[in-house]
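> Right, I'll just put the structure down here and ask away after.
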Amino acid sequence: MARQERAIRTRRTILEAAAAVFDERGYTSATIGEILDRAGVTKGALYFHFGSKEELAVGVFEEQLAITLPPQSTKLQELVDSGLVLARRLRSEPLVRASVGLALDQGAMDLDRTPAFQMWIDQNVQMLAEAKAQGELLPHVDVAETAELLVGSFSGVQLLSQLRCQRQDLERRIVVMFEHFLPGIAVPAVLAQLDISAERAERVLAQGQVEVPVQGPVKVQVQEVPVPTQVSTGA
């Protein structure tokens, strides 16, 4: 058990170091040597957890989804919660900021950024599909198209917030996004019950959260399996 806990801590240290170097230098310019120096670990320890710089990047991508939030009475509330909590984490957690930064780094020509967005889209597809099955969505709603629109909208809103004020107003901007987005997909009775407020994320996190550990190297591939309700990215 002690060895497993040590391995989890080492993996986290490596990810945090990689995130910092990617954020400062960009993915293309970052080197494994710089990440090793920042993490203070051996090359063997790094390659035990990650087989390449690309696998390190995918590990950073996954951090925006590596959290499970408390279940709510409706799936649309869980969708809202995932977006608001992600907005809060973008302001407070360097790893999550690096994840989104990597996903949007157009200079990273040798990095496949598709998995970052696909994992996020798949998570939203799962929540929206469950919402539709429970009668929470209007009949015309296409789940896949709606999930992609939500991810694209969030990505653009957070980028604008970053450029304008270093994301200091991001939670309020995501509230406005949901206020415009949800009336087009939610049935009125469910829409009236939703808590869409800038303070919602803090209340949800206070209910408790479970981080989802990822063990071993991560393959750059998304499997189509049911995804538990988790925080969404962006990317």
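> Among (i) 1.31; (ii) 1.12; (iii) 1.03, find the value of Cα Rg over 2.2 N^0.38 Å that was calculated from the structure presented, and write down its label.
Entry (iii).
> Just want the answer: with Cβ charges of +1 for Lys and Arg and -1 for Asp and Glu, which residue in Ala18, His140, Pro70 is farthest toward the dipole's positive end in the chain?
Ranked along the dipole, the leading option is Ala18.
> Shape of segment 101-177 from its Cα gyration tensor (a ≥ b ≥ c, root eigenvalues): rounded if a/c is under 1.5, otherwise prolate when a/b > b/c, or oblate? Working shown, then result.
Values: a/c = 3.18, a/b = 1.41, b/c = 2.24.
Oblate.
> Moving on to the next point. Tell me, what HN-Hα J-couplings in whole Hz come from the Karplus equation 6.51 cos²θ - 1.76 cosθ + 1.60 at θ = phi - 60° for each residue of segment 109-119, using x for Gly and Pro?
My calculation for segment 109-119 gives 5, 9, 10, 7, 8, 4, x, 4, 6, 5, 4 Hz in order.
> What FRET efficiency comes out for the pair Leu160/Glu199, r = Cβ-Cβ distance, R0 = 25 Å, nearest 0.05?
Values: r = 22 Å, r/R0 = 0.86.
Step by step, r from the Cβ atoms, then E = 0.70.
> Compute the acute angle (0 to 90°) between the alpha-carbon long axis of helix 2-25 and the principal axis of greatest extent of the alpha-carbon atoms of the chain; round to the nearest 10°.
80
> Nearest 500 deg cm²/dmol is fine: what mean residue ellipticity at 222 nm does the chain get from its DSSP H runs of n ≥ 4 alone, each adding -39,500 (n - 2.57), divided by its residue count? It would help to have the intermediate numbers written out before the result.
On the way: 11 runs with 143 residues, N = 235.
Value at 222 nm, helices only: -19500 deg cm²/dmol.
> Also, I was wondering about something else. Could you list which residues have their amide H under 5 Å from that of Thr68, counting only those 5 or more apart in sequence or on another chain, with H placed in the peptide plane?
Amide H neighbours of Thr68, under 5 Å, 5+ apart: Val210, Glu211, Val212.
> So, with +1 on the Cβ of K and R and -1 on the Cβ of D and E, and no other charges, what is the size of the charge dipole of the chain about its Cα centre, to the nearest 20 debye? List each step's numbers first, then the result.
On the way: 23 positive and 30 negative charges, 129 e Å.
That gives the chain a dipole magnitude of about 620 debye.
Where a number appears in this text, it was derived from the coordinates with a stated rule and is not lab data. These figures come from a predicted structure and were not determined experimentally. Here the Cβ is made from the backbone with ideal geometry for all residues, glycine too, and neighbour counts use every protein chain on show.
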